[in-house]
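Inspection log for the structure reproduced underneath, given as structure tokens.
The values are calculated or read from the model by the stated rules, or taken from the named source; none is laboratory data. Just so it is clear, the structure is predicted and the values come from calculations on it, not from any experiment. Virtual Cβ from ideal backbone geometry, glycine too; neighbours counted across all protein chains shown.
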Amino acid sequence: MSGKGSRGGRPSSPIVLVLNGPNLNLLGTREPEIYGRETLADIESACRRHGLAHGMAIEFRQSNHEGQLIDWIHEARTHAAGIVVNPGGYGHTSVAIRDALAAVALPAIEVHISNIFAREPFRHHNPISAVATGVICGLGGQGYILALDAMRAIVAGKAPTAKRS
Ligand code: DHK
């Protein structure tokens, strides 16, 4: 995890940064009735397998710190084709992460494991969604795989990328 080690994929594979925000390191034991029993390591393995099978190099990272997430988003603009991001709780609060995603202007797909719209009202406000190409929520860890499939199509020019506001 944390971006160390190889990315996998063929040398010419597009790189997709899969970014995870605060508390997602606790998946598996954290409120399993909401987030399930899958760990972040399980999700990372599934993303890497999917990347290998479909010609994407996966850079998988997690941090509990907003500035670190922003630094990784900035770095991505030099080498990544797109970003899949589960911003955790920052999805509801972080103008700074929203601005970083807008600044790098890479296709970005926001993923939430739980259905945030079926939860507390404060989770219904998502500044990051406005700059995301698309949003997936409520489908558990499978949401990451669906996001990678969508990203593959976007990168291949087979799907539209939304205009950023
Ligand atoms: C993860 C979190 O940590 C929460 O703060 C969000 C999101 C939901 C998820 O479902 O993956 O509200």
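For the condition out of contact with any helix residue (DSSP H, G or I) (no Cβ under 6 Å at 6 or more places or on another chain), surrounded by fewer than 16 Cβ atoms within 10 Å (Cβ to Cβ) and outside any helix (DSSP H, G or I), what is the one hit in G157, G89?
When all the criteria are applied, what remains is G157.
Is it fair to say D99 is in contact with a Gly (Cβ under 8 Å, 6 or more places away or on another chain) and surrounded by fewer than 16 Cβ atoms within 10 Å (Cβ to Cβ)?
Answer is no for this residue.
Go through region 48-67 and count every residue that is within 21 Å of G91 (Cα to Cα) and either surrounded by 15 or more Cβ atoms within 10 Å (Cβ to Cβ) or in contact (Cβ under 8 Å) with a residue 60 or more places away in the chain (or both).
Of the residues in that region, 7 qualify.
Of the residues in region 40-81, how many are of a type in the set (S, T, N, Q) and more than 15 Å from the chain's Cα centre (by Cα)?
Residues in region 40-81 being of a type in the set (S, T, N, Q) and more than 15 Å from the chain's Cα centre (by Cα): 1 in total.
Among the residues of region 37-47, is any closer than 27 Å to A103 by Cα, surrounded by 17 or more Cβ atoms within 10 Å (Cβ to Cβ) and in contact (Cβ under 8 Å) with a residue 24 or more places away in the chain? It would help to see each step written out before you state the result.
Of region 37-47, the ones closer than 27 Å to A103 by Cα are 44, 47.
Adding the requirement that they be surrounded by 17 or more Cβ atoms within 10 Å (Cβ to Cβ) leaves 44, 47.
Cutting the leftovers down to in contact (Cβ under 8 Å) with a residue 24 or more places away in the chain gives us 44, 47.
Yes - at least one qualifying residue is present in region 37-47.
Could you pull out the residue among I43, I73, I58 that is assigned to a helix (DSSP H, G or I), in contact with a strand residue (DSSP E or B) (Cβ under 9 Å, 6 or more places away or on another chain), among the β-branched types (V, I, T) and away from the ligand (no atom under 16 Å from the Cβ)? Please lay out each step first, then the result.
Details: I43 fails: away from the ligand (no atom under 16 Å from the Cβ); I58 fails: assigned to a helix (DSSP H, G or I).
Unique residue meeting the criteria: I73.
Given R10, R30, which one is outside any helix (DSSP H, G or I), of a type in the set (K, R), modelled with pLDDT under 95 and more than 23 Å from A100 (Cα to Cα)?
Result: R10 is the single residue among R10, R30 that is outside any helix (DSSP H, G or I), of a type in the set (K, R), modelled with pLDDT under 95 and more than 23 Å from A100 (Cα to Cα).
Determine the pairs where a residue that is more than 20 Å from L26 (Cβ to Cβ) and in a loop (DSSP other than H, G, I, E, B), located within region 95-121, has a partner that is within 16 Å of the ligand (Cβ to nearest atom) and not charged (D, E, K, R) with Cβ atoms under 6 Å apart, the partner being 6 or more residues away or on another chain.
L106/I83
Got a sec? Which of N126, N86 is at pLDDT 95 or above, within 11 Å of the ligand (Cβ to nearest atom) and either closer than 16 Å to E59 by Cα or touching a strand residue (DSSP E or B) at 6+ places or on another chain (Cβ under 6 Å) (or both)?
Result: N86 is the single residue among N126, N86 that is at pLDDT 95 or above, within 11 Å of the ligand (Cβ to nearest atom) and either closer than 16 Å to E59 by Cα or touching a strand residue (DSSP E or B) at 6+ places or on another chain (Cβ under 6 Å) (or both).
Quick check on I109: is it closer than 25 Å to P32 by Cα, away from the ligand (no atom under 11 Å from the Cβ), surrounded by 16 or more Cβ atoms within 10 Å (Cβ to Cβ) and of a type outside the set (S, T, Y)? Spell out the reasoning first.
Details: closer than 25 Å to P32 by Cα: yes; away from the ligand (no atom under 11 Å from the Cβ): yes; surrounded by 16 or more Cβ atoms within 10 Å (Cβ to Cβ): yes; of a type outside the set (S, T, Y): yes.
Yes: the conditions hold for I109.
Which of (1) farther than 18 Å from E44 by Cα; (2) touching a Gly at 6+ places or on another chain (Cβ under 9 Å); (3) without any contact (Cβ under 8 Å) to a residue 60 or more places away in the chain is the odd one out, the single condition G89 does not satisfy?
(3)
Does L101 fit the bill of being closer than 17 Å to P14 by Cα and either of a type in the set (S, T, Y) or more than 14 Å from the ligand (Cβ to nearest atom) (or both)?
Criteria not met by L101.
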